[in-house]
Amino acid sequence: MDLAATVILAGLILALLWLLRVKNSRKYHLPPGPAALPLIGNLPQLEKRTPFKSFVKFSEIYGPVMTLYLGWQRTVVLVGYDAVKEALVDQADDFTGRGPLPFLMKATEGYGLGISNGERWRQLRRFTLSTLRDFGMGRKGMEEWIQEESRHLIARINTFKAKPFDPTFLLSCTVSNVICCMVFSQRFSYDDKKFLHLLSMINGVLKFNSSFLGQMYNIFPWLMEHLPGPQHTMFAHIKELREFVKMKIQEHKDTLDPSSPRDYIDCFLIRMDQEKDIPTTEFHNENLVSTVMNLFLAGTETTSSTLRYALSVLIKYPNIQEKMQQEIDSLIEHERCPKMEDRKSLPFTDAVIHEVQRFLDIVPFGLPHYALQDISFRGYTIPKGTVIFPLLHSVLKEEKQWQTPWSFNPDHFLDQNGNFKKNPAFLPFAAGKRACVGESLARMELFLFLVSLLQHFTFSCPEGPDGMTLIPEYSGFANMPRRYQLMATAR
């Protein structure tokens, strides 16, 4: 049977299954939503470049809890702080499921912390949080690693001698090295060609996931597998990244001293040995490889993209940059490394960093959740097998939560006396039991790296402030900041 006939037959089978599914779903009291077409669902009604904005528009008609069909997949979207918080925090146990995103399922082979549910997720999350804390996440040891990496970053920027350069891969190296210290107990040189190649592939994978084709892969994986396109290149990249991780794990196995674990991989290997006679153990090689992949990818690109975006904001608004520098200079001598305890004395700087995260809105959909069983929520039933999007974009840009949601405004995080104030709707790391594992690490990195950079440099770009745009290059799974050239003038 040729490809065209196979696709037609598959389409007919799916159309029949669609009709059965729609008929079956009528027995549930689903949240309201727009009428959907067979097979393609509501996809034609979504903005291709910024689909999450279409969800917000739908919510103006159908309310904060609504049903959409992304192709074949029934999806419930939660819009606004109240709905997202009620689901992820107040009904946390019901919403711990993670959606089986086809791209991530294939990339991780179904293993690892990021994509798992049930007992596997509970065991891996508990182990990962406690192990990363033991290696300093949110503590003094991690602070010293970041300070050390800051010194390497500043030394490298000094070599450009105020000439324009693209900071993308330099910031990726910097952030990734912090994760590498925790996971591999080593840092890589900024000139290491293998390391730069790996970071380039990670960047490409995230870009693909945020592109139209990346979103189509998650909706129609069976079709995209048979069509030519960049998805095949992405999986070749992921295979190469997996081989790198496997090589590092083998190096650890060859040099392991169980009495003195060096990093996350060592701790996992020791736990594997302890549980080798337990048939149901989740501590096995497949989960180790995929969880290290999760940490390496998630711990590199989101934080480095946020740092890159922060520098573009400071170039766009030089008065904000100058005010941050004045505040930092009044507290920290030029040669002293910033410390986390400085944060409480730098309220404006802290407010700007929070506002960068709010305004960039790096993961607008949030990572998809999944109904592991029928869920009752606000009088509706969310049937088992439904993908659930807690739309973080709608929380970070909600008009009743933020005074000027569409403007960059550090005052969102300052009271009338200029003191830092929290806002419960600040949820860039999501909330509840599936909130980002690396939240405290990311917060520490953003603060220490940015304060160090502003201590030593003033940032500008060749075109001047008006030449800097804050509109992302891609808006899909992630909002990816544009690449640009900057100049770092030593202070």
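Ordering D411, D166 by accessible area with a probe of 1.4 Å, largest first, what comes out?
Details: D411 85, D166 50 Å².
Order by accessible area, largest first: D411, D166.
Cross-link pairs exceeding 32 Å between alpha carbons, from the set K246/K384; K48/K239; K248/K422: K246/K384; K248/K422.
Using the Karplus relation 6.51 cos²θ - 1.76 cosθ + 1.60 with θ = phi - 60°, the per-residue 3J(HN,Hα) values for the range 116-124 come to 8, 9, x, 5, 4, 4, 4, 5, 5 Hz, with x marking Gly and Pro. Taking amide hydrogens as placed 1.01 Å from N in the peptide plane, the amide H of T381 sits under 5 Å from those of H29, L30, each at least 5 positions away in sequence or on another chain. Each residue of the range 67-83 is assigned a 3J(HN,Hα), and the resulting list reads 9, 10, 10, 8, x, 7, 7, 5, 9, 10, 10, 9, 10, x, 4, 4, 5 Hz, derived from the Karplus form 6.51 cos²θ - 1.76 cosθ + 1.60 (θ = phi - 60°), x at Gly and Pro. Bridging of K316 to lysines at a Cα separation below 22 Å is possible for K161, K163, K397, once same-chain residues fewer than 8 apart are set aside.
Restricting to Cα pairs below 8 Å that are 6+ residues apart, what does the relative contact order work out to for the range 317-457? Please round to a whole percent. Relative contact order comes out at 29 percent. Summarising the amide proton neighbourhood of N479: residues at separation of 5 or more, or on other chains, whose placed amide H is nearer than 5 Å comprise V363.
Which residue, chosen from I249, I278, H237, occupies the Cα position most advanced towards the positive end of the dipole of the range 233-282, where the dipole is computed from +1 (Lys, Arg) and -1 (Asp, Glu) charges on Cβ about the Cα centre? Ranked along the dipole, the leading option is H237.
In a reduced charge model with +1 at each Lys and Arg Cβ and -1 at each Asp and Glu Cβ, the chain shows a dipole moment near 920 debye about its Cα centre. Residues whose amide H falls under 5 Å from that of F457, counting only those 5 or more places apart or on a different chain, are R491, with hydrogens built in the peptide plane. For the range 106-253, the square roots of the Cα gyration tensor eigenvalues, ordered a ≥ b ≥ c, give a/c of at least 1.5 with a/b no greater than b/c, which places it in the oblate category. For Y111, the solvent-accessible surface with a 1.4 Å probe is about 70 Å², rounded to the nearest 10. Counting Lys and Arg as +1 and Asp and Glu as -1 over every other residue whose Cβ lies under 9 Å from the Cβ of Q373, the net charge comes to -1. Within the assembled protein chains, the solvent-accessible surface assigned to R491 is about 110 Å², based on a 1.4 Å probe.
Remark: relative contact order (the chain) = 24 percent; criterion is Cα-Cα distance under 8 angstrom and separation of 6 or more residues. Residue-wise HN-Hα couplings along the range 333-344, as the Karplus relation 6.51 cos²θ - 1.76 cosθ + 1.60 with θ = phi - 60° gives them from phi, are 4, 4, 8, 7, 6, x, 10, 4, 5, 6, 4, 5 Hz; Gly and Pro carry x.
With every protein chain left in place, what is the accessible area per residue of the range 264-378 in square angstrom, probe 1.4 Å?
I get 37 Å² per residue for the range 264-378.
The share of C-alpha pairs in the range 351-491 whose separation exceeds 23 Å stands at 48 percent. Here the spin labels are modelled as points 7 Å beyond Cα on the Cα-Cβ line, and at W406 and K57 they lie 1.3 nm apart.
On a per residue basis, the range 125-181 carries 41 Å² of accessible surface, using protein heavy atoms and a 1.4 Å probe. Note on D192 and E144: the extension gain reaches 15.0 nm, defined as 0.36 nm multiplied by sequence separation minus the Cα-Cα distance.
Relative intensity of the range 296-426 on a log10 scale, I(q)/I(0) at q = 0.11, 0.23 Å⁻¹, equals -0.53, -1.43, per a Debye sum over C-alpha point scatterers of equal strength in the absence of solvent. Note: relative contact order over the range 251-349, using C-alpha pairs below 8 Å and six or more positions apart, is 14 percent. Ligands, DNA and RNA left out, the 1.4 Å accessible surface of the chain is 56% carbon and sulfur atoms.
Note on T280: accessible area is roughly 110 Å² with a 1.4 Å probe, heavy atoms of protein only. Using the Cα coordinates of the range 177-283, the gyration tensor eigenvalues translate into equivalent-ellipsoid semi-axes of 32, 20, 10 Å, sorted from longest to shortest. Its alpha carbons considered, the range 248-328 gives a radius of gyration followed by a Dmax of 20.7, 62 Å.
P(r) for the chain, from all Cα pairs and a bin width of 20 Å, is 22, 55, 22, 1 %, short bins first. Using the Stokes-Einstein relation with a Kirkwood hydrodynamic radius computed over Cα pairs, the translational diffusion coefficient of the range 81-192 at 20 °C and a viscosity of 1.002 mPa s comes to 124 µm²/s.
The values are calculated or read from the model by the stated rules, or taken from the named source; none is laboratory data. These figures come from a predicted structure and were not determined experimentally. Because the Cβ atoms are built from the backbone with ideal geometry, glycine has one as well, and the counts that use them run over all protein chains shown. With ligands, DNA and RNA removed, areas are computed over all heavy atoms of the protein, side chains included. Shrake-Rupley method; radii C 1.70, N 1.55, O 1.52, S 1.80 Å.
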